[in-house]
Structures are given as C-alpha cells and as structure tokens.
Amino acid sequence: MATARTLNFNAGPATLPLPALERAQRELLDFAGSGMSVMEHSHRGKEYEAVHREAGALLRELLAIPATHEVLFLQGGATQHFAQIPMNFIDKGRTADYVVTGVWGEKAVSEGKPMAALMGGALRVALSTAEGPEGGERTYRRAPAPSEVKAAEGAAYLHFTTNETIHGVQYDGYPDGGAVPLIADMSSDILSRPVDVSRFSLIYAGAQKNIGPSGVVLVIVDKALLERSRKDIPKIFQYRVHAENESLYNTPPTFGIYLVRNVLDWVKQAGGVAEMERRNAEKARLIYGAIDAHGDFYRCPVQAENRSKMNVVFRLPSEALEEQFVGEAKKRSMVGIKGHRSVGGIRVSTYNAVSVEWVATLVDFMNEFAKRAR
Ligand code: PMP
C-alpha cells in the first residue's frame, strides 16, 4: 500500500525523496545480506566502507568535483563549521572577509569572530546588505552583484552564504575573490543547481535540506587550501586530518551517510543536478507567479533577481490572515509553511525532494485563498 505523504514544505530538516526512504526501509533489518542493519556495522568493515565510498563517488559525479578537491562527511552542523573554518584557515595577523546577506551570514560572523581572535587574527564584515537601524530590526532583501564585492588584498578568505534560508535571499552570480580563496555556506541550495566547484576553495553544507538527514555536514575542500591550514589545533578539528583519513578519523555518522547515499542515488536516477535545476525553476515559476498574480494580496519582500528558488518567503495583508492561511493549508495536508519565528510571514521551502505537483497543489490553494479571503 502506498504511504500517504504529507506535503512537507519544512525548511530543514526537510522532506526526503520517498524512494530514498523506501530503500532504507527495505534494507533496514538486513543490509547487503549481512543479517544486520547498516548502523550496526563497524565503520571499518567492508559493508559500511562500500556505502561510504559510494556516497563520496556519487557526490563527485553529481557536482563534477575536480580531483583538486576532497569530499568530507563530517558532523557538528554547519554551525560548528562557522567556528572551525576560521580555526583552520586564519593565520596569526591575518583577516578573513565575510559578506552578510541574512541571518546565517550573521551567525557565521558571530561564531567565527571569537575564534578568529583566539587564532591571533581577525574577521571583518566586508559587506552587508542589511537594511534598518543598527541594533534595531534588520531585514535582508538582496544579495550583492558580483562586482560589488571586493575582498581585501591578502585576506585569508572571502566567506558568503549562497542561499539565506530564513530571508529567502539567493545569489544570482557569485563574487570573484581574485587571489583570495572563496568559502561558501551552501547548506540550503547545494545540489539545487550546477556549480563550478573549481572556483571555490571550500564549500560546506548541513545535510538536512537537499542531501539527507541532519547530523551530517558535507565539506568540499581544495587540497591547496588544506596544505596551508593550521596544524596547531586539535586533530579532530583539522580538515586536513579528516581528508587524510577519508572521513574515518573517528566514527562517522554511519546511518546518516547511508541515507545521504540513498538521496544522492535518487538525484542521479532522476537525471542529476541539471534536472533538479529544471524542476526547481518550474516550482519557482509557479509559486512566484501566484504571488505576483495577486500582488495586492501576497507580497514577496526580496528583490527579483535574488528571490530564492529554495525558500520562498512572502507576506499576506495581516498576521491574522497569515495564521488563517497556515491553518487552512494544514487541513489540506500542507505543513511547514510558517515563516521563521524571527521574521514571521510565510516561508515555503521547495528543496529537490519537493515535487512540482506538491507546489502546484499549494499554488491552487494560494489562488483560491487570495480570491476568497481578501
Ligand atoms: N547555514 C544555513 C544557510 C542554514 O540554513 C542553516 C540551518 N538552517 C545553518 C547554516 C545551520 O545549520 P545547523 O543547524 O546544521 O548547524
């Protein structure tokens, strides 16, 4: 019997592709004929090792990751890496530049700053697109054009967030660091569109949106950057050590990585990242189309070229109507659309595993609600 799936528009942890879950269900009690589940296997045994290697190989294939870059499966959430990145890559007396386009960029700065100072260096906000009074209510509605961003000469690296999950702000084109290494938090839009990995010295992403369950963090890092990374920090925090040990320096989150393997295999079977991009463009066209068609009722605060194709944020004329909208959607089995508590409104996350059909159902409801409730 087919499972009735809730239309889950959560921002993360988010919906996972049904085939990836069904595969886990089928394989749960007896993995590869071993009479035990994958999570009961040693992380150094051949059964788990095959999964670990396949996950890495699939990712390399899907993102066309060049041989210059290592693929790591780590832990700690993207938040831990906000601190771990400056720990590894800011040398004494050096400064790293950050571009801030939303709350996650702010968090990268606030977690990174004390670490940069501990390492004898500094962290600087090179550019922020925040609007509103300092210390007061800030909002973000845009990402800079590539030409607006200039990293300081000699900066340790230039950090930015490709998609701001809460504010729904996504880069249209990426900044060019010149000689300065680029580091990007791609937690909420990795695998949603092709990316030229060779332009980045480090890409990182929490898994719980487009890659798999929470508990796994993906890091793609240029070996040249690793060679220059600090050795005077504990080994467990050194990306270099994790690379040398193929992400098996200590026990990795084996079941999480197994599920990542299932999700990546689903992406491949579905047609790869180019097909994900096509579907995501179609979903965005549908939903922003509905917002614009009822411009006197729905309002998206984000500048047109930076409207996120992963997290669509919009407002209704009043908070009471927003509450009613969320409540009625829930009755129709559509969940996860309440905006983040810090900004309010509505947020619909349309990650890879959210189907065009789900979005079409939501859009029908939006059209109907706008006509009825105004
Ligand atoms: N960066 C971005 C862009 C995010 O969306 C999130 C989580 N939603 C984080 C970082 C933090 O991730 P975690 O909770 O896994 O630490």
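None of the figures in this text is laboratory data; all of them are computed from the coordinates on show. These numbers come from a predicted model, not from an experiment. Cβ: placed from backbone, ideal geometry, glycine included. Neighbour counts: every protein chain shown.
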Can you sort Lys331, Lys371, Lys209 by how many other beta carbons sit within 10 Å, fewest first? Lys331, Lys371, Lys209
Checked segment 272-373 against the a/c 1.5 cut and the a/b vs b/c comparison, axes a ≥ b ≥ c from its Cα gyration tensor; verdict prolate
By how many nm would the segment from Tyr249 to Ser318 lengthen if fully extended, with 0.36 nm per residue of separation less the alpha-carbon distance? 19.6 nm
Antiparallel as a % of all DSSP beta bridges within the chain, to the nearest 5? 55 percent
Where q = 0.11, 0.12, 0.14, 0.15 Å⁻¹, what log10 of I(q)/I(0) comes from the Debye formula for segment 25-269, counting one point per Cα? -0.58, -0.68, -0.91, -1.03
Report the extension gain between Arg299 and Val335 in nm, rounded to one decimal, defined as 0.36 nm multiplied by the number of residues separating them, less their alpha carbon distance. 10.9 nm
To the nearest 20 debye, segment 272-373 has a Cα-centred charge dipole, built from +1 on Lys and Arg Cβ and -1 on Asp and Glu Cβ, of 180 debye
Under the helix-only model (-39500 (n - 2.57) for each DSSP H run of 4 or more, divided by the residues of the chain), the mean residue ellipticity at 222 nm, to 500 deg cm²/dmol, is -12000 deg cm²/dmol
In the chain, if the dipole is taken from +1 on Lys/Arg beta carbons and -1 on Asp/Glu beta carbons about the Cα centre, which of Gln170, Val263, Ala130 is farthest to the positive end? Ala130
Most exposed first, judged by fewest Cβ atoms within 10 angstrom, Asp232, Asp222 run Asp232, Asp222
Of Thr139, His41, Phe297, which is farthest along the charge dipole of the chain in the positive direction, counting Lys and Arg as +1 and Asp and Glu as -1 at C-beta? Phe297
Using a Förster distance of 56 Å, how high is the FRET efficiency between Thr68 and Ala373, based on the Cβ-Cβ distance and rounded to 0.05? 0.55
How many nm is it between the label spots at Thr361 and Asp91, if each spot is 7 Å from the Cα in line with the beta carbon? 5.6 nm
Can you list the HN-Hα couplings for segment 78-83, worked out from phi with the Karplus curve (6.51, -1.76, 1.60; θ = phi - 60°), rounded to whole Hz and with x for Gly and Pro? 4, 4, 4, 6, 4, 8
Highest mean first, how do 118-126, 77-85 rank when packing is the count of other Cβ atoms within 10 Å averaged over residues? 77-85, 118-126
How would you rank Leu127, Leu362, going from fewest to most other Cβ atoms within 10 Å of each one's own Cβ? Leu127, Leu362
Spin-label pair Met39/Asp176, simplified geometry with 7 Å Cα→Cβ offset, distance in nm: 4.8 nm
For the pair Glu227/Ala270, report the inter-label distance in nm, with labels modelled 7 Å from Cα in the Cβ direction. 3.8 nm
Quick one: Cα centre-to-centre distance for segment 154-204 and segment 340-374, in angstrom? 27 Å
